[in-house]
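Asks: One structure is given below, represented as structure tokens, and several questions about it will come after.
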Amino acid sequence: MSEVSFPRQQARTRRFSLGVPRAFTPMVGPDGPLVLFLRSDAGDDPVTHLWRHDPATGRTDRLVDARLLGPDDDAIPAEERARRERAREQAGGIVGYAVDDIGTVVAFTLGGRLHTVELATGALATHPVAGPAFDPRPSPDGRLIAYHAVDGVHVVSLDHGPGQPGRTRALVVEDGVSWGRAEFVAAEEMGRDRGFWWSGASDRLAVARVDEREVPAWTIADPANPTTPAKVHRYPAAGTRNAEVSLWIVDVADGARTEVVWDRAQDEYLAAVAWGEDPLTLLVQPRDQRTARVLTVDVSSGHSTEVYAWQDEAWVELVPGSPAWVGRRLLTVEDRSELGEGGTRVLCLDGAPVTPAGLQIRELCSARSGSDGDGATAGEPGVVAEVLASPADDPTRVDPYTVEVAGDGAARISSATAAEGAGVRRRIPGRPPRQAMAATATPWVEVTSVPDRPTPTVTVGWSARDADGATRLHVHALEVLAERPRVVARPRLLRVGDRQLAAALLLPTDDDGQRRLPVLLDPYGGPHAQRVLAANQAYLTSQWLADQGFAVLVVDGRGTPGRGPRWERAVPHDLATPVLADQLEALQAVAALEPRLDLRRVAIRGWSFGGYLAALAVLRHPGVFRAAIAGAPVTDWHLYDTHYTERYLGHPGEHPEAYRRSSLVDADGRLPDAVAWEPPPPALLLIHGLADDNVVAAHTLRLSSALLADGRAHQVLPLSGVTHMTPQEVVAERLLTSQVTFLRQALA
């Protein structure tokens, strides 16, 4: 039997994500510390199961075998399929779960069916539901499960004991609108993937009401199956109406509703909601996203009070975990342009920065009071926060840090990991123990990726007191079952050009150091995504492409994260010029370092924003780029969603020139700013999934029509039934091999 090729292996393993532990919940339950997580049984097994790890003994047990509960794909509700698309979820089986605050019960859905498992006994129960269910959430006390079904929120009472089906009832349902789910832009752009939140007392729910009736109705058809009805998709394109989102407090006992009141005409985006032991807290933004307001809510009246706000002349960046309360003190992550050479994304306590200039905060992972001794002084209790950040001198690194702020405001920052050297590390702190278990330390999980190893490592840590009173750290590794890639990535990480652009150069594994090499740029290049990282698995596809005979160059230019606010804010009202200029600068700079790069044979490929950048390159600089592969490209920014597009380009009615400057196709179907193609013309391949509901196929079709009208030869590869993330195994494999064939012909 012939060896499986890398493209097939990558497709079969879902980009080597199968078999890797994920979705961790470290916590302390009634029986002590535990870590819940998801993992499939092998690197090519797409069925994910629920596991339990004991940090004290290092033992790992399967808590729920998804295969024993029946198929997953048969009855997944449309809302759950949309959630998976927004989350780029590629596996099946149990792909999400939630656990109550005291660690007694876990809830999850499988094929629209609702299941719970008791952690103490392992008793599994299947509960009646009002319809295909998704996003179940146990109440903090573990007695109720709220879930979304048939566009409403329903509740199951777990009052018959472990393993017994509960009783389900509708809590809030309304014809024509949806209750309890995230609208499109919240899930796709804001990082808010849920639509209801429990009170700490388990007696109320805060529920989002989503009215999409005024949002433009787009249709997504399947041209390969003309008998299949087209699906209606409510898509808020730039300049059009957003969904009307309000928040209501619903009494679980009787369903009584109280509307949360804030100025929704001023702040129409509900960016984040948090509830539990802290006050019901909202983060809201106006449509131009230049302000963020933190509101607290009186749950009896629904009245909201603004407790903090901050502004930015371009936009306020939404950062995971921010805002967060520690007692009466508020933690936020904000951009301060005055701190450091390029500005700094800092952690702020009550509005005052507590992390140093240059340390770029990427996520606020946890926060707690320091009144137990760390971070405290006499008087006001201190605060201890755990964050993910990149150091000032290396945006390719991501490390966990602990920030201890004393009561007098003095701050101390320390590394929260024992690992050394470059890498991408994520630490998942454990949930704070309940009051009755406060003497028990909370476990944590750390996931580490490094430049010289293609598979991440996952470790669990837990501190325990021995019989002699000494504290000992227990550290165990969770088994990673991912397949080993059939390529070995050898990225050469560089800082090039006047702007010290972060770049990675990959050469063929069998390179003899003598031959001239055609160049393939392989960027994403846009906001919110970083390609150049100190992690080997980030370069596996690029290395395989290099092994086909190319010098592959990956570049992060202006607008990409990791280098501070001013770097990210170099793209307002122009997503084209600075982004493309940085790719060109890096190309020239790297060619000066490595003269064997053949600048007469340069191509570029990309997907999504990277596809846009590839098409942009060959249209505006055809003398440099001889070929381009544009996958799922945004070609007309009028057709992309409000929250993302208007953040960078503004409202199209107010800044039409920004859309003309940044789009590949104008309103008249022409190619603005395109440069004439001299013979021989460059080659352009457009690829698009016809079921894509994020970057719809109209983008590629409009560009193709404009190219045809202008007499520019090109190729179009439509993918029937394929969405934005191309999860199908055969499609994903053939996409890579067909691209190499196209590039070889174009650069011959």
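Asks: With the requirement that a residue be more than 15 Å from Pro33 (Cβ to Cβ) and at pLDDT 95 or above, what does segment 456-476 give you?
Replies: Pro456, Thr457, Val458
Asks: Within the group Trp677, Trp637, which residue is of a type in the set (Phe, Trp, Tyr) and over 23 Å from the mean Cα position of the chain (by Cα)? Give the derivation first.
Replies: Numbers: Trp637 fails: over 23 Å from the mean Cα position of the chain (by Cα).
Testing whether each residue is of a type in the set (Phe, Trp, Tyr) and over 23 Å from the mean Cα position of the chain (by Cα) leaves just Trp677.
Asks: Within segment 591-638, work out how many residues are touching a strand residue (DSSP E or B) at 6+ places or on another chain (Cβ under 8 Å) and of a type in the set (Phe, Trp, Tyr).
Replies: Of segment 591-638, the ones touching a strand residue (DSSP E or B) at 6+ places or on another chain (Cβ under 8 Å) are 591, 593-594, 596-599, 601-608, 610-615, 617-618, 624-633, 638.
With the extra rule that they be of a type in the set (Phe, Trp, Tyr), the set shrinks to 607, 612, 625.
Of the residues in segment 591-638, 3 are touching a strand residue (DSSP E or B) at 6+ places or on another chain (Cβ under 8 Å) and of a type in the set (Phe, Trp, Tyr).
Asks: Would you mention how many residues in segment 442-492 are part of a strand (DSSP E or B) and either farther than 16 Å from Gly19 by Cβ or not small (Gly, Ala, Ser) (or both)?
Replies: 27
Asks: Does segment 641-655 include one or more residues that are farther than 30 Å from Gly191 by Cα and not basic (Lys, Arg)? Give the derivation first.
Replies: The first filter runs over segment 641-655 and keeps only residues farther than 30 Å from Gly191 by Cα, leaving none.
No; the residues of segment 641-655 include none that is farther than 30 Å from Gly191 by Cα and not basic (Lys, Arg).
Here's the yes/no breakdown for (1) over 21 Å from Leu247 (Cα atoms); (2) in contact with a strand residue (DSSP E or B) (Cβ under 9 Å, 6 or more places away or on another chain):
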residue: Val173; (1), (2): no, yes
residue: Ser178; (1), (2): no, yes
residue: Arg181; (1), (2): no, yes
residue: Phe184; (1), (2): no, yes
residue: Glu188; (1), (2): no, yes
residue: Trp197; (1), (2): no, yes
residue: Ser202; (1), (2): no, yes
residue: Ala221; (1), (2): yes, yes
residue: Asn225; (1), (2): yes, no
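Asks: If you take the residues of segment 150-166 that are aliphatic (A, V, I, L, M) and at pLDDT below 95, which of them is farthest from Ser199 (Cα to Cα)?
Replies: By that ranking, first place goes to Val150.
Asks: Is segment 731-745 home to any residue that is closer than 15 Å to Val634 by Cα and under 25 Å from the mean Cα position of the chain (by Cα)? If you could, list the steps in order and put the result at the bottom.
Replies: As a first pass, look at segment 731-745 and keep what is closer than 15 Å to Val634 by Cα: none.
The answer is no; no qualifying residue exists.
Asks: State the number of residues belonging to segment 249-261 that are surrounded by 21 or more Cβ atoms within 10 Å (Cβ to Cβ) and either within 25 Å of Asp288 (Cα to Cα) or touching a helix residue (DSSP H, G or I) at 6+ places or on another chain (Cβ under 6 Å) (or both).
Replies: 1
Asks: Those residues that are surrounded by 18 or more Cβ atoms within 10 Å (Cβ to Cβ), under 27 Å from the mean Cα position of the chain (by Cα) and in a loop (DSSP other than H, G, I, E, B), I need them from segment 500-526; list them, please. Don't jump to the end; show me each part of the working.
Replies: So the first thing to find is which residues in segment 500-526 are surrounded by 18 or more Cβ atoms within 10 Å (Cβ to Cβ), and the list is 501-508, 517-526.
Keeping just the survivors that are under 27 Å from the mean Cα position of the chain (by Cα) gives 501-506, 520-526.
Passing the criteria: Asp522, Pro523, Tyr524, Gly525, Gly526.
Asks: Which pairs turn up if I take residues in segment 716-737 that are without any contact (Cβ under 8 Å) to a residue 60 or more places away in the chain and look for partners that are in a helix (DSSP H, G or I) with beta carbon separation below 7 Å, at least 6 apart in sequence or on another chain?
Replies: Val716/Thr700; Val716/Ser704; Leu719/Val731; Val722/Val731; Thr726/Ala732; Thr726/Leu735
Asks: Another question, then. So Thr48 passes all but one of these: (1) at pLDDT below 95; (2) assigned to a strand (DSSP E or B). Which condition number does it fail?
Replies: Thr48 satisfies all of (1) at pLDDT below 95; (2) assigned to a strand (DSSP E or B) except (1).
Asks: Just to check your reading of the model, which residue among Thr344, Thr305, Thr296, Thr332 is hydroxyl-bearing (Ser, Thr, Tyr) and under 16 Å from Gly564 (Cβ atoms)? Let's see the steps before the verdict.
Replies: Working: Thr305 fails: under 16 Å from Gly564 (Cβ atoms); Thr296 fails: under 16 Å from Gly564 (Cβ atoms); Thr332 fails: under 16 Å from Gly564 (Cβ atoms).
Unique residue meeting the criteria: Thr344.
Asks: Name the single residue, out of those in segment 571-590 being surrounded by 18 or more Cβ atoms within 10 Å (Cβ to Cβ) and among the small types (Gly, Ala, Ser), that is farthest from the chain's Cα centre (by Cα).
Replies: Out of the qualifying residues, it is Ala589.
Asks: Go through segment 114-124 and count every residue that is touching a Pro at 6+ places or on another chain (Cβ under 8 Å) and surrounded by fewer than 21 Cβ atoms within 10 Å (Cβ to Cβ).
Replies: Residues that pass the stated criteria total 4.
Asks: Surrounded by 19 or more Cβ atoms within 10 Å (Cβ to Cβ), touching a helix residue (DSSP H, G or I) at 6+ places or on another chain (Cβ under 9 Å) and within 17 Å of Arg620 (Cα to Cα): which single residue out of Ala706, Ala658, Ala713, Ala632 fits that description? Working first, answer last.
Replies: Working: Ala706 fails: touching a helix residue (DSSP H, G or I) at 6+ places or on another chain (Cβ under 9 Å); Ala713 fails: surrounded by 19 or more Cβ atoms within 10 Å (Cβ to Cβ); Ala632 fails: within 17 Å of Arg620 (Cα to Cα).
When all the criteria are applied, what remains is Ala658.
Asks: Do you know which of the residues in segment 395-426 that are surrounded by fewer than 16 Cβ atoms within 10 Å (Cβ to Cβ) and more than 22 Å from Val460 (Cα to Cα) is farthest from the chain's Cα centre (by Cα)?
Replies: Here the residue is Asp408.
Asks: Restricting attention to segment 125-158, which residues are of a type in the set (Ser, Thr, Tyr), part of a strand (DSSP E or B) and buried (at least 18 other Cβ atoms within 10 Å of the Cβ)? Steps first, please.
Replies: So in segment 125-158, the residues of a type in the set (Ser, Thr, Tyr) come out as 126, 139, 147, 157.
Pick out the ones that are also part of a strand (DSSP E or B) and you get 126, 147, 157.
Within segment 125-158, just Tyr147 meets the criteria.
Yes/no per residue for (1) more than 26 Å from Trp248 (Cβ to Cβ); (2) modelled with pLDDT under 95; (3) in a strand (DSSP E or B):
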| residue | (1), (2), (3) |
| --- | --- |
| Ser301 | no, no, no |
| Ala309 | no, no, yes |
| Val319 | yes, no, no |
| Asp335 | yes, no, yes |
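Asks: Sticking with this one: Within segment 548-570, restricting attention to residues that are buried (at least 21 other Cβ atoms within 10 Å of the Cβ) and of a type in the set (D, E, K, R), which residue is nearest to Arg515 (Cα to Cα)?
Replies: Out of the qualifying residues, it is Asp556.
Here is a yes/no grid of residues against (1) without any contact (Cβ under 8 Å) to a residue 40 or more places away in the chain; (2) surrounded by fewer than 19 Cβ atoms within 10 Å (Cβ to Cβ):
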residue: Asp54; (1), (2): yes, no
residue: Thr57; (1), (2): yes, yes
residue: Asp65; (1), (2): yes, yes
residue: Pro71; (1), (2): no, yes
residue: Glu85; (1), (2): no, no
residue: Arg88; (1), (2): no, yes
residue: Gly93; (1), (2): no, no
residue: Gly96; (1), (2): no, no
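Asks: Surrounded by 21 or more Cβ atoms within 10 Å (Cβ to Cβ), assigned by TED's automatic domain parsing to the domain that holds Pro680 and not aliphatic (A, V, I, L, M): is that true of Arg596 in this structure?
Replies: Values: surrounded by 21 or more Cβ atoms within 10 Å (Cβ to Cβ): no; assigned by TED's automatic domain parsing to the domain that holds Pro680: yes; not aliphatic (A, V, I, L, M): yes.
Judged against the criteria, Arg596 is not a match.
Asks: Given the criterion part of a loop (DSSP other than H, G, I, E, B) and assigned by TED's automatic domain parsing to the domain that holds His699, identify the matching residue among Thr541, Thr560. Even if it seems obvious, please write down each step before you answer.
Replies: On the way: Thr541 fails: part of a loop (DSSP other than H, G, I, E, B).
One residue alone meets the criteria, Thr560.
Asks: If you scan segment 245-262, which residues turn out to be in a strand (DSSP E or B), of a type outside the set (Val, Ile, Thr) and either within 13 Å of Phe196 (Cα to Cα) or without any contact (Cβ under 8 Å) to a residue 60 or more places away in the chain (or both)?
Replies: Quick first cut of segment 245-262, residues in a strand (DSSP E or B) only: 245-251, 257-259, 261.
Checking the rest, the ones that are also of a type outside the set (Val, Ile, Thr) come to 246-248, 251, 257, 259.
Once the filter is applied, which keeps residues that are in a strand (DSSP E or B), of a type outside the set (Val, Ile, Thr) and either within 13 Å of Phe196 (Cα to Cα) or without any contact (Cβ under 8 Å) to a residue 60 or more places away in the chain (or both), segment 245-262 yields Ser246, Leu247, Trp248, Asp251, Glu259.
Asks: Let me ask you something else. Can you find, within segment 207-232, the residue that is farthest from Val261 (Cα to Cα) among those that are of a type in the set (D, E, K, R) and at pLDDT below 95? Spell out how you get there, then give the answer.
Replies: If we filter segment 207-232 for residues that are of a type in the set (D, E, K, R), which is where we start, we get 209, 211-214, 222, 231.
Those left that are additionally at pLDDT below 95: 222, 231.
Details: Asp222: 42, Lys231: 34 Å.
Restricting to residues being of a type in the set (D, E, K, R) and at pLDDT below 95, the top hit is Asp222.
Asks: Still on this structure, I have one more. Does segment 4-40 hold any residues that are among the polar types (S, T, N, Q) and assigned to a loop (DSSP other than H, G, I, E, B), and which are they?
Replies: Pass one, segment 4-40, residues among the polar types (S, T, N, Q): 5, 9-10, 13, 17, 25, 40.
Passing the criteria: Ser5, Thr13, Ser17.
Asks: Is one or more of the residues making up segment 216-224 touching a residue at least 24 places away in the same chain (Cβ under 8 Å) and not in a loop (DSSP other than H, G, I, E, B)?
Replies: Looking for residues that are touching a residue at least 24 places away in the same chain (Cβ under 8 Å) and not in a loop (DSSP other than H, G, I, E, B), one finds at least one in segment 216-224, hence yes.
The values are calculated or read from the model by the stated rules, or taken from the named source; none is laboratory data. All figures in this text were calculated on a predicted structure; none of them were measured in a lab. Reconstructed Cβ throughout: ideal geometry from the backbone, glycine too, with neighbour counts over all protein chains shown.
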